[in-house]
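Before any comments, here is the structure.
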Amino acid sequence: MTFSQHDRSLSVFHHPILTVLVDDSKSFIDSLAFQMDASRAVVSFTDPREALQWIRDAYTSRFPGFLPVRVTHDDLTFLSERRTVQLDVDRIYRQMHDIHRFLQPGVVVVDYSMPQMDGLSFCQALQDLPCKTILLTGTADESIAVEGFNHGLIDRYVKKHESNMVGRLCKEIDALQQQYFTVLSRTLRDLLTRHSYSFLSDPAVADRVRQIAARYNFVEYYLYPNPVGILMLTAQGQATLMVIETQAGLMSQVESAEAYDAPAPLVEGLREGRIVPFFWPGNGMFTPACIDWEQYCLPAERCEGRETYYYALFDLPRHLLQEPVVSYQSFLADFARDPDALTGRKRD
């Protein structure tokens with residue numbers, strides 16, 4: 001999972017997505033796909049019109065805009081001014097059970113010089129969709145690419161004949177994948193940061209998540225509601241919960257523990273910010289079911305941002321997920337066997 005150093009906030013979720021390559025030269029596009037990392041799922045097209053239709057179908061029929069928001073009305077009056085917005089935060093992490101999350105065509109790489117349609121026109125036709133675009137250019141096309149970039153028709157451009165073209169292209173794809181999720185979850189993040197999830201907009205937390213993801217090879221993450229934190233997954237589907245507490249949150253834990261006459265070392269550890277709990281039998285808070293409290297707590301790590309955050313990494317008990325995780329590794333295996341069956345692509 002690669003983060004852009006320029007994005008100072010966390011998107012609400014992040015997972016691998018498809019890269020779409022469009023070039024009328026089959027030999028070039030096959031060579032480019034071959035040189036990319038095997039962990040990057042790629043769909044290739046030599047016909048830009050077919051590619052446009054497939055991308056549009058993908059977003060309209062299989063990947064409608066994700067926003068776990070439900071609008072309800074007053075049951076008595078149904079007046080529009082008495083509408084209530086409800087957030088189903090659980091839906092965010094439940095995406096991990098759906099293989100289709102990996103099939104979103106998030107970044108489209110297209111050659112500028114094609115006989116059926118030039119790459120700039122192709123990208124312009126995608127402007128109403130959330131996918132990000134990279135234009136591949138020849139030496140003579142660079143001024144056109146600059147103009148397209150300046151007018152917002154493309155997100156990046158890469159020269160086809162530069163010495164490290166593939167390496168540069170992969171870096172740009174990684175950066176745009178992060179932007180894709182930043183834009184996709186912006187409205188949701190703005191809503192959530194007004195409530196119990198202010199850490200989503202704290203650059204210090206974003207940096208720490210970035211470091212942890214790199215250290216432990218996590219490839220996806222999701223906001224988790226109870227206890228509040230970030231649920232991270234490896235390519236193999238191993239789930240780790242980064243429980244994130246504030247001083248106020250730890251004081252709530254202290255109050256709950258004292259209400260049940262919890263052992264003094266637990267109360268003191270919580271009060272002093274030395275431990276972070278994950279009392280899953282008690283729905284996040286201490287209850288008599290958690291009397292062996294040591295097995296539900298870990299030493300606290302600190303992250304100094306707009307406020308002090310206390311966090312710890314817990315292995316998430318599988319029974320809390322209710323359904324099996326569809327891992328990225330298993331997706332890649334299925335994709336390698338029959339990509340058309342997964343993507344819904346129909347070939348003549």
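The values are calculated or read from the model by the stated rules, or taken from the named source; none is laboratory data. Just so we're clear, the structure is a prediction, and the values are computed from it rather than from any experiment. Cβ coordinates were reconstructed from backbone atoms using ideal geometry, including for glycine residues, and neighbour counts include every protein chain displayed.
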For this session: Would you be able to say whether some residue in region 219-231 is assigned to a helix (DSSP H, G or I), touching a strand residue (DSSP E or B) at 6+ places or on another chain (Cβ under 9 Å) and under 27 Å from Ser330 (Cβ atoms)?
Result: no
Exercise. How many of the residues making up region 299-339 are surrounded by fewer than 16 Cβ atoms within 10 Å (Cβ to Cβ) and either more than 24 Å from the chain's Cα centre (by Cα) or part of a strand (DSSP E or B) (or both)?
Worked result: 9
For this session: Might you check whether a residue that is basic (Lys, Arg) and surrounded by 20 or more Cβ atoms within 10 Å (Cβ to Cβ) occurs anywhere in region 125-140?
Result: yes
Exercise. Within region 233-256, is there a residue that is on the phi > 0 side of the Ramachandran plot, out of contact with any helix residue (DSSP H, G or I) (no Cβ under 8 Å at 6 or more places or on another chain) and either of a type in the set (A, V, I, L, M, F, W, C) or not in a helix (DSSP H, G or I) (or both)?
Worked result: no
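Quick grid of which residues meet (1) modelled with pLDDT of 55 or more; (2) not in a loop (DSSP other than H, G, I, E, B):
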residue: Arg40; (1), (2): yes, no
residue: Glu50; (1), (2): yes, yes
residue: Arg56; (1), (2): yes, yes
residue: Thr60; (1), (2): yes, yes
residue: Val71; (1), (2): no, yes
residue: Asp74; (1), (2): no, no
Exercise. Leu250: crowded, with 20+ Cβ neighbours inside 10 Å and under 27 Å from Val267 (Cβ atoms), yes or no?
Worked result: yes
Problem set entry | Yes/no for Val166 being crowded, with 17+ Cβ neighbours inside 10 Å, out of contact with any Phe, Trp or Tyr (no Cβ under 9 Å at 6 or more places or on another chain) and closer than 20 Å to Asp23 by Cα | no
Problem set entry | Odd one out for Gln177, checked against (1) more than 30 Å from Gly229 (Cα to Cα); (2) surrounded by 21 or more Cβ atoms within 10 Å (Cβ to Cβ) | (1)
For this session: Answer yes if at least one residue in region 302-318 is among the β-branched types (Val, Ile, Thr), within 29 Å of Val205 (Cα to Cα), in contact with a Lys or Arg (Cβ under 8 Å, 6 or more places away or on another chain) and in contact (Cβ under 8 Å) with a residue 12 or more places away in the chain, and no otherwise.
Result: yes
Problem set entry | region 283-298, subset surrounded by 13 or more Cβ atoms within 10 Å (Cβ to Cβ) and outside any loop (DSSP other than H, G, I, E, B), residue farthest from the chain's Cα centre (by Cα) | Ala289
For this session: Evaluate region 204-218: report whether one residue or more is assigned to a loop (DSSP other than H, G, I, E, B), surrounded by fewer than 19 Cβ atoms within 10 Å (Cβ to Cβ) and in contact (Cβ under 8 Å) with a residue 12 or more places away in the chain.
Result: yes
Exercise. Residues of region 263-295 being modelled with pLDDT of 95 or more and small (Gly, Ala, Ser), which ones?
Worked result: Ala264, Gly269, Gly273
